[in-house]
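Asker: Starting off with a structure, shown below.
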Amino acid sequence: MKRPRVAVAGFQHETNTFAPFPTDWENFQKPGAWPPFALGEQAAQQARGLNVPLGGFVDAAGDFDLLPILYAAAEPGGMVTAGAFDRITGLLCDGLTETPDLDAVYLDLHGAMVTEGYQDAEAEILARVRAVVGPDLPVAVSLDLHANLSPEFARLASCVSMYRTYPHIDMGITGGRAAHLLARLLERGTPFATAFRQLDYIIPITAQSTRREPGGRLYAMLDGLAGPGGEPGVESVDFAFGFPPADIEHCGTSVYACGDDQDAVDRAADTMLGALQEAEGSFDSGLVPAAAAVRRAMQVNGPKPVILADPQDNPGAGAPGDATGLLAALLDSNATAVIGMIWDAKTAQQAHTAGVGAIIDAQIGGQFPETGGPAIPVRASVEQLSDGQFLCTGPMFGGLHANLGPCARLRVRKGGADVTIVVATNRAQNADQEILRHIGADPEAYKVVVVKSAIHFLADYEPIAQEVIFAETPGANPCRIDTIPYTNLRKGVRLGPNGPVYEGPP
Ligand SMILES: [Zn+2]
């Protein structure tokens, strides 16, 4: 049998429509801890062996002739500009046009991209791809656990696989599952029966970890619903918890199933949806007000550090990463702590100009005071500098080259407080200990470690933690769903587990 010719591409962005800055072409050229922008063969080569979906697909696709087109990812942020979206989808569609005799397409997408023109950017990507390859060519897609999916997207895709872990330690495995699903579809020769369901309440990001319940047991159900573990005729069942800070009609949790038998596929999707509905009372967002969180962190006894997360200013969810609520609480509470990294190119530059050993008067963070609080003036010693280039070592990003630009480690001693601050030029979520270690801040040497991350930090930091506390400070990634000022959400959805029903804009 002829080897199937499969075009592959990645175009990833998680869009927080409440973030105070857009995501443009430049942001896709400096993607923090994601693989860099690449065209053609390089897009596949650089992904091999990495925990990214395209890498997992390429590594599992030994029976396919792969025709790589591009890879483009940006750190989560505000709405993708029309210019960036049209340019990247244009490169993708031109690549498909120039690649004849295709048997299938594989796309490594996120599922929660929003652009200036499209609330559901992934459905628009699929529509543009279908305009080139036609309505019938198999198009396999892998998605993030934070995808916000629409019925239109589900109609345009041929088969879908989604991450099943949060922290996302299975991004590569999910790409591999997409390859197996596509092979099964090509072997079958006709489209799968599919089912798509949407949950009627929004689940906060801080309640979504699969290292906690009910996320752990809900995702563990999937293997029992499909393939050898499930009812005959069901090939695959997945669900996405969704990404709450997106003011779009189809924000929220959804279930997607596919297989040979429509009735069995529908039953499997309904079983998963039913389990999600029953779990409504078990989700807890777990936020502690900042001052109380710092007090509690300082009271914990034990040899290991307390990890204090700042989920509402998580750059990994599109927030700037320069909110100052927790830094202020640390200084006010006379804490001994390290906080990092804070997105502050100006202070990083100031420290590099002054040099190691210098004392500087800096204004930390606070570029968007209306969402994340004002800049905080400090007198700090410059302890160490770096170019922000290092290899990640944790379970999620291990093997990836981070590019945070010039970074600085500063130390502020004020009153009884002794706070180490790591600032960086480029935004990135602190989900890997190397972000601190590469600049001489060993997290295990501190009593309190503050990370700007919602859940991903758990993979690398929970094993060294005495305790983990989720602090509540002002930020652009709101984790209390009933405070999110939606205007476009579909009516009737509950704002949080057992929350108020959304009735439309005020
Ligand atoms: Zn995600």
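Asker: I need every pair where a residue in the stretch 402-427 that is closer than 14 Å to F390 by Cβ has its Cβ under 6 Å from the Cβ of a residue that is surrounded by 18 or more Cβ atoms within 10 Å (Cβ to Cβ) and of a type in the set (D, E, K, R), sequence separation at least 6 or different chains.
Answerer: R409/E383; V422/R409
Asker: Still on this model: Here is a check on your reading of the model: is Y71 in contact (Cβ under 8 Å) with a residue 60 or more places away in the chain, in the same structural domain as L156 (by TED's automatic domain parsing) and touching a Phe, Trp or Tyr at 6+ places or on another chain (Cβ under 6 Å)?
Answerer: So Y71 does not fit the description; no.
Asker: Further question: Considering only the stretch 364-478, give the helices (runs of 4 or more DSSP H) lying wholly within it that have at least 1 residues that are more than 16 Å from the ligand (Cβ to nearest atom), open to solvent by 40 Å² or more (accessible area, probe 1.4 Å) and farther than 22 Å from D344 by Cα.
Answerer: none
Asker: Let me ask something additional. Please verify whether the stretch 326-338 includes one or more residues that are in the same structural domain as V378 (by TED's automatic domain parsing), more than 16 Å from the ligand (Cβ to nearest atom), under 27 Å from the mean Cα position of the chain (by Cα) and not aliphatic (A, V, I, L, M).
Answerer: Within the stretch 326-338 (the criterion being in the same structural domain as V378 (by TED's automatic domain parsing), more than 16 Å from the ligand (Cβ to nearest atom), under 27 Å from the mean Cα position of the chain (by Cα) and not aliphatic (A, V, I, L, M)), the answer is no, since none of the residues qualifies.
Asker: I've got another one for you. Give the residue that is farthest from the ligand (Cβ to nearest atom), with candidates limited to residues of the stretch 103-138 that are surrounded by fewer than 24 Cβ atoms within 10 Å (Cβ to Cβ) and in a strand (DSSP E or B).
Answerer: A104
Asker: Residue under question is G40, and the condition is that it be at pLDDT below 95 and of a type outside the set (S, T, Y); does it hold?
Answerer: No.
Asker: Would you mind stating whether F243 is within 16 Å of the ligand (Cβ to nearest atom), in the same structural domain as L273 (by TED's automatic domain parsing) and either on the phi < 0 side of the Ramachandran plot or of a type outside the set (F, W, Y) (or both)?
Answerer: For F243, the condition - within 16 Å of the ligand (Cβ to nearest atom), in the same structural domain as L273 (by TED's automatic domain parsing) and either on the phi < 0 side of the Ramachandran plot or of a type outside the set (F, W, Y) (or both) - is met.
Asker: Filter the stretch 164-212 down to residues that are touching a Cys at 6+ places or on another chain (Cβ under 9 Å) and closer than 19 Å to L66 by Cα and give me whichever is surrounded by the fewest Cβ atoms within 10 Å (Cβ to Cβ).
Answerer: Taking the candidates together, the pick is R184.
Asker: Now a separate question. Answer with yes or no whether F457 is at pLDDT below 95, among the aromatic types (F, W, Y) and under 17 Å from the mean Cα position of the chain (by Cα).
Answerer: Taking the combined requirement at face value, the residue does not satisfy it.
Asker: Do any helices (runs of 4 or more DSSP H) lying entirely in the stretch 255-357 carry at least 3 residues that are surrounded by fewer than 19 Cβ atoms within 10 Å (Cβ to Cβ), among the hydrophobic types (A, V, I, L, M, F, W, C) and at pLDDT 95 or above, and which ones are they?
Answerer: 290-299
Asker: Just wondering, is there one or more residues in the stretch 61-71 that are within 17 Å of the chain's Cα centre (by Cα) and more than 21 Å from I248 (Cβ to Cβ)?
Answerer: Yes, there is a match, as at least one residue in the stretch 61-71 is within 17 Å of the chain's Cα centre (by Cα) and more than 21 Å from I248 (Cβ to Cβ).
The values are calculated or read from the model by the stated rules, or taken from the named source; none is laboratory data. Please read all numbers here as calculations on a predicted model, not as lab measurements. Heads up, the Cβs are rebuilt from the backbone with ideal geometry, glycines too, and the neighbour counts pull from every protein chain shown. All accessible areas refer to the heavy atoms of the entire protein, side chains included, with ligands and DNA or RNA removed. Shrake-Rupley method; radii C 1.70, N 1.55, O 1.52, S 1.80 Å.
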